[in-house]
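First the structure, in the form of structure tokens, and then the observations on it.
The values are calculated or read from the model by the stated rules, or taken from the named source; none is laboratory data. Quick caveat: nothing in here was measured; it's all calculated off a predicted structure. Reconstructed Cβ throughout: ideal geometry from the backbone, glycine too, with neighbour counts over all protein chains shown.
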Ligand code: 13P
């Protein structure tokens, strides 16, 4: 059995004060909850407040990106060591917004992934097709290509903590959710590619999350699928009640 991971991606929302407020309200709603792993990924500026607020609770804190070098003249970037020093456990890598607006490529995703794994962080590596690719019948090819490039030269031993998030770009922030059937199909493609790359045993344990307009209203149907090992939640994770409702689905 793969333990589900329900992760919040706050993107560029909330200050440290609002982060503390979120945890004050959120933690009592999920206390005692142990069926799923829960992680909240706020902007870097809120990480200290989040780690402090979540201390002793069943909620981990994650970053939204990580650089591949331990330190250096890389303005605006954060290293794996810096995240670890704060008590951060997870990190999102290769989100489609990074790819779309900040020139992130499959190659830099691969570098960031290697650095995160090397450091012992749990990377949540995002992949997914854009609408034109889906409409052109290219979804499977795109997913396989993104996997091959992101996981290039990473051994199954090194990849032990890897988590993949399938986020169809057309479903992000649009209110359009993939149907459970469609998500399951895409997850199966990713798992089959992971089998090619890492072997069957690894692939059978690999957690593949779904992301894209996950809400309390659609979470139950998605999470009921054996192939869907959790969710990466954007907009609906900003409100403690709505994120707690998704965790409990
Ligand atoms: P929404 O849940 O707002 O569609 O965002 C999904 C996402 O990008 C999570 O990483």
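Restricting attention to region 217-249, the residues being away from the ligand (no atom under 15 Å from the Cβ) and under 16 Å from residue 26 (Cα atoms) number 4.
Residue-by-condition table, conditions (1) more than 16 Å from the ligand (Cβ to nearest atom); (2) free of Cβ contacts under 8 Å to residues at least 12 places away in the same chain; (3) assigned to a strand (DSSP E or B); (4) under 18 Å from the mean Cα position of the chain (by Cα):
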| position | (1), (2), (3), (4) |
| --- | --- |
| 1 | yes, yes, no, no |
| 23 | yes, no, no, no |
| 26 | yes, no, no, no |
| 38 | no, no, yes, yes |
| 47 | yes, no, no, yes |
| 50 | yes, no, no, yes |
| 62 | no, no, yes, yes |
| 72 | yes, yes, no, no |
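Is it true that some residue in region 227-244 is more than 19 Å from residue 99 (Cα to Cα), in contact with a helix residue (DSSP H, G or I) (Cβ under 8 Å, 6 or more places away or on another chain), surrounded by fewer than 22 Cβ atoms within 10 Å (Cβ to Cβ) and modelled with pLDDT under 95? No, the conditions are met nowhere in region 227-244. Region 86-182 holds helices (runs of 4 or more DSSP H) entirely within its bounds, and those carrying 3 or more residues that are at pLDDT 95 or above and buried (at least 23 other Cβ atoms within 10 Å of the Cβ) map to 106-119, 139-150. Are any residues in region 4-21 within 19 Å of residue 95 (Cβ to Cβ), more than 10 Å from the ligand (Cβ to nearest atom) and in contact with a strand residue (DSSP E or B) (Cβ under 8 Å, 6 or more places away or on another chain), and if so, which ones? Listed by number, the residues that qualify are 5, 6.
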